[in-house]
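Engineer: Structure in structure tokens, see below.
The values are calculated or read from the model by the stated rules, or taken from the named source; none is laboratory data. Everything numeric in this text was worked out from a predicted model, so none of it was measured. Positions of Cβ are backbone-derived with ideal geometry, glycine not excepted, and every protein chain shown enters the neighbour counts. Heads up: the accessible areas ignore ligands, DNA and RNA and are worked out on the full protein's heavy atoms, side chains in. Shrake-Rupley method; radii C 1.70, N 1.55, O 1.52, S 1.80 Å.
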Amino acid sequence: QGTTANTPTLKIDGIIVATTWTEVTSFNYTWNQTASADFTVAANWTPARTTPATTDNLIFSNGAATTVTAVPTQTISSLKVTGNTTVNLQSAAAVTLSIGGSGTTLTVDAGSALNSNGSSVLTIAVLTGAKGSISGTMDFANVAHKLTAADASGITFQSGAVFTQDLLCTSNVFGTSG
């Protein structure tokens with residue numbers, strides 16, 4: 001917003017349609033793939049995620065079972081899995097996917113699943129001030145994947161939620177570093 005001296009005005013055909021502006025601070029990106037696809041390819045998100053930012057909200061809601069490959073080390077604002085969607089996260093190297101928004105920023109709804117099952121360690125880190133609410137399922141398999149929260153009670157598994165740590169996923173999955 002500008003001051004009275006420099007308030008921006010939007011006119012269409014001479015008609016004032018806006019005199020105040022709100023800065024957009026976050027964007028929603030919805031996964032649009034239904035098979036195996038690369039996390040870093042902009043076109044795999046709607047709208048195209050050409051410039052990843054810490055304010056991005058990532059949504060998986062297509063009702064499919066999909067494998068998301070090449071997950072990079074990155075900080076996002078939120079991650080939501082909903083609509084009976086199963087997401088299998090995989091990375092090519094040890095990475096941390098940090099979730100740093102405020103409020104409930106990691107959500108897995110009932111009937112949906114968020115899994116980490118690649119051959120490289122993937123850490124999902126819920127940062128200070130962020131919360132996770134799991135009502136669906138999570139399955140960590142193959143290597144020592146991690147689910148961490150910086151704050152006490154930072155991740156809550158709701159009634160009916162299921163977490164599975166498979167045999168090859170060694171050591172304690174849960175931690176406090178975020």
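Engineer: For the range 27-54: of the residues being aliphatic (A, V, I, L, M) and under 21 Å from residue 115 (Cα atoms), which is least open to solvent (accessible area, probe 1.4 Å)?
Structural biologist: 37
Engineer: Look at the range 44-64 and say how many of its residues are in a strand (DSSP E or B) and touching a residue at least 24 places away in the same chain (Cβ under 8 Å).
Structural biologist: Residues of the range 44-64 in a strand (DSSP E or B): 45-46, 56-60.
Narrowing further to those that are touching a residue at least 24 places away in the same chain (Cβ under 8 Å): 56-60.
Residues in the range 44-64 being in a strand (DSSP E or B) and touching a residue at least 24 places away in the same chain (Cβ under 8 Å): 5 in total.
Engineer: All but one of (1) over 16 Å from residue 146 (Cβ atoms); (2) open to solvent by 20 Å² or more (accessible area, probe 1.4 Å); (3) touching a strand residue (DSSP E or B) at 6+ places or on another chain (Cβ under 8 Å); (4) not β-branched (Val, Ile, Thr) hold for residue 84; which doesn't?
Structural biologist: Only one criterion is unmet by residue 84, namely (3).
Engineer: What number of residues within the range 71-80 satisfy the criterion of being in a strand (DSSP E or B) and open to solvent by less than 20 Å² (accessible area, probe 1.4 Å)?
Structural biologist: Qualifying residue count for the region: 2.
Engineer: Taking the range 114-140, which residues are open to solvent by 10 Å² or more (accessible area, probe 1.4 Å) and not hydroxyl-bearing (Ser, Thr, Tyr)?
Structural biologist: Hits for the range 114-140 are 115, 117, 121, 127, 129, 131, 139.
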